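The values are calculated or read from the model by the stated rules, or taken from the named source; none is laboratory data. On a predicted model such as this, the values are computed, not experimentally measured, just so you know. Counting neighbours? That spans all protein chains shown, and the Cβs are built from the backbone with ideal geometry, glycine included. Keep in mind that these areas ignore ligands, DNA and RNA; they rest on the heavy atoms of the full protein, side chains included. Shrake-Rupley method; radii C 1.70, N 1.55, O 1.52, S 1.80 Å.
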Amino acid sequence: MIGFKTERFSLSRKVIPLLFLMCLIPMGCALIKSKADIDKSLEYTVIVGRVLANASGNGPIVVAAHAMDEGTPDFHYTVLHESGEYELMLVPGKYEIFAYRDENRDLVYDAGEPAGQYGNQGSLCVPAVGVVFDIDIVIPPGGATTAIPHGTIISSSRPNKLYSRQAGDITDLDDERFSEEIGTRGFWEPMSFFRQFGGNIYFLEEYDPEKTPILFIHGAGGTPRGWRNFVEHIDRTRFQPWFFYYPSGARIDSMSYLLLWKLINLQTKYQFNQIFITAHSMGGLVARSFIVNYGRQFPCVKLFVSLATPWGGDRMAEYGVQQSPVVIPSWIDMQPEGDFIKSLYRMKMPESVRFYMFCGHNGNRNPFQSNNDGTITLSSILDYRAQSEAEMNYVFDEDHTSILFSQAILNQYNTILDECDEKMSVSRNRSEGYVRIHFSFDDEFDGVRPVHMFILHPSGKKDADTVICLRDEDNGKVLGPFPSGEYVASMITPAARPKKNNIQVSIHSHTTKDLNFDFIPDGVIRGCVAAALTPEEKSIGMPDYRYRSADSSIEIESIVLKGSGLYRKLGPIEDKNIDYDDFLNNSYLISRDDFCIDTCFGFFGLPTGAYKLIIKANGYQSIEKDYSVSPGILQYFRITELTPTPRRE
């Protein structure tokens, strides 16, 4: 859904006249504010990482970035309720990134409050790119000396409560952050919303491993509060509701990537083996984007139910992009012939995901308008590309909003939940076994290692991998249960090479097999090349390689790496039998062979030293980039923009 109120107000026949009126009356200041917010968002980069607080103490963890360049906004901060993931929004520049335990909750870094910082000097040069990864921080026992002096005020504006922006924050549906006003703000001022509230997955209760999570995703202008009726009518003894709350005016692909980041952190912590997703309106596009793009990295999604989702986009969003004085970023992705809508159907959803569609036909009856549900045309909701993958499409005499409150829909929804949960229970009760995983690293490292991935592949089967994210503290943990059978087990971590890539393992009923993985530090350079982004393509919070058009092609001639006595040259892989998506998701990190596939490349096994990368592509100027490599230290995935060769007159 595209609009103001919770799933009711859309970019439809109502919005364009409203925008015109807002330019003529005092409300125009809101329009100006929205445009300023959206324009400003194009200047920002999101940095993400994890904080490991080994120091004891009470109070939340505050992560902050202090600008070292004059004229740059001084601080941006976020709050965590425990060790875990964080996100910050920063304009390009040089920053000191640090974290401390705010024991008196006053947003002042006081003496005696344990702290830690990023890197040896605590400084980070933030580039002009969608996302910078792995900016990890350790708060050691007793704290560490940081570049930030005691007494530093993190924010002069102190909220009444320091809300955690970390996945798994426990709250209730009456939380003030879930008000209609704030949900609307997330649509019209997505950057302002994200800087204050972030984007997050919220719980209503402590995690229970005996209950299946149901992740509810709202549409544009919505909040978790819009799901109250569903929450009140599901079996809470078997299911636990989670809510993805995000700035719905942001680019949809960016929000699906944010969803991946949050879910991976939750799965790493709780290691649940299944999750159901239920989404309303535009939230269904967020969910499908997540599933088709990242499903192989996150195979525990077993059920997806969409309600009134505009699968074919919205013509009025296209009109808004072309004519409105303010273009909400999510409108760009809602254009029916736009790259985002096309991208949803370039790949099918994994066969392991059961997909059901719900929609209503009780819309406006106007001979001059297409049939609709009061907000979205039925031709979009019933798009054949989505229907072709659905197990069933249920149509009710409801409109775009009432579909969330219909008892008939709730009855059918619970029937689907019961059936899926019963099948999962039958699966869990089959003869199954376990593995106990042990891993070690042949280096001394006192930082935060990247998340490791354990992959269990059933022999002779395709697209049936089990992927479990692990932290260092999971060493020696028992994983499972898994169905009895023959498997190939692998474990990957970005900055280290396993001494043995694959281990054959037989899993038997009611037994536990021990698996051992030993890693040695590996020097790695990874990245991709792309043409420079147009303003329309720019999107805060999205890695460049994810939101560039898949219809545009760059033909790489060669990629040469020189340095530390090495010379390596790559050309594009032309093996038509390669599963590109599988290769880029997991395979290359297991084999750790140098590669150049599509526009992505990687070099492995590099010793410490300085390197020069030389890239040549047809129709583009040759470009050189400098890299510094330290085996065992992860570098973020770098994007290299290419400049077209000038045309000769």
* **Test for VAL292: is it surrounded by fewer than 24 Cβ atoms within 10 Å (Cβ to Cβ), part of a helix (DSSP H, G or I) and β-branched (Val, Ile, Thr)** => yes
* Options GLY460, GLY476: the member that is in contact with a His (Cβ under 7 Å, 6 or more places away or on another chain), on the phi > 0 side of the Ramachandran plot and either of a type outside the set (Phe, Trp, Tyr) or surrounded by fewer than 16 Cβ atoms within 10 Å (Cβ to Cβ) (or both) -> GLY476
* Asked: Of (1) open to solvent by 10 Å² or more (accessible area, probe 1.4 Å); (2) within 30 Å of ASP253 (Cα to Cα), ILE135 satisfies all except one. Which?
  -> (1)
* **Contacts under 8 angstrom Cβ, first residue in the range 167-181 being more than 19 Å from LEU258 (Cβ to Cβ) and touching a residue at least 12 places away in the same chain (Cβ under 8 Å), partner part of a loop (DSSP other than H, G, I, E, B) and open to solvent by 10 Å² or more (accessible area, probe 1.4 Å), 6 or more apart** => ILE170/LEU204; ILE170/GLU205; ILE170/GLU206; ASP172/LEU204; LEU173/LEU204; GLU180/LYS5; GLU180/THR6
* To do: Can you tell me which residue within the range 626-649, out of those that are among the basic types (Lys, Arg) and open to solvent by 70 Å² or more (accessible area, probe 1.4 Å), is nearest to VAL529 (Cα to Cα)?
  => ARG647
* Might you check whether a residue that is without any contact (Cβ under 8 Å) to a residue 24 or more places away in the chain, farther than 29 Å from SER83 by Cα, outside the structural domain of SER591 (by the TED database) and in a strand (DSSP E or B) occurs anywhere in the range 477-489? => no
* Specify which of the listed residues (SER164, SER156) is in a loop (DSSP other than H, G, I, E, B) and free of Cβ contacts under 8 Å to residues at least 24 places away in the same chain. => SER156
* To do: Go through PHE239, PHE230, PHE216, PHE193 for me and flag whichever is open to solvent by less than 40 Å² (accessible area, probe 1.4 Å) and free of Cβ contacts under 8 Å to residues at least 60 places away in the same chain.
  => PHE193
* To do: Find the helices (runs of 4 or more DSSP H) located wholly in the range 298-361 whose residues include 1 or more that are under 19 Å from the mean Cα position of the chain (by Cα), and list them.
  => 329-334, 339-343
* Would you be able to say whether some residue in the range 533-543 is modelled with pLDDT of 85 or more, under 30 Å from CYS596 (Cβ atoms) and buried (at least 17 other Cβ atoms within 10 Å of the Cβ)? => no
* Can you give me the number of residues within the range 593-619 that are part of a strand (DSSP E or B), of a type outside the set (D, E, K, R) and open to solvent by 50 Å² or more (accessible area, probe 1.4 Å)? => 1
* Which numbered condition trips up PHE230, out of (1) out of contact with any strand residue (DSSP E or B) (no Cβ under 9 Å at 6 or more places or on another chain); (2) over 30 Å from ILE455 (Cα atoms)? -> (1)
* For residues that are free of Cβ contacts under 8 Å to residues at least 40 places away in the same chain and either assigned by the TED database to the domain that holds SER587 or touching a Leu at 6+ places or on another chain (Cβ under 7 Å) (or both), tally how many sit in the range 439-476. => 1
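Each row is one residue, and each column tells you yes or no for (1) in the same structural domain as GLY183 (by the TED database); (2) crowded, with 20+ Cβ neighbours inside 10 Å; (3) touching a strand residue (DSSP E or B) at 6+ places or on another chain (Cβ under 8 Å); (4) at pLDDT below 90.
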| site | (1), (2), (3), (4) |
| --- | --- |
| GLN274 | yes, no, yes, no |
| GLN297 | yes, no, yes, yes |
| MET334 | yes, yes, no, no |
| SER343 | yes, yes, no, no |
* **Residue list for the range 57-90, filter: open to solvent by 20 Å² or more (accessible area, probe 1.4 Å) and touching a helix residue (DSSP H, G or I) at 6+ places or on another chain (Cβ under 9 Å)** => none
* Hits in the range 155-180 - residues which are in contact with an Asp or Glu (Cβ under 8 Å, 6 or more places away or on another chain) and either assigned by the TED database to the domain that holds GLU206 or open to solvent by 50 Å² or more (accessible area, probe 1.4 Å) (or both) -> ARG158, TYR163, ILE170
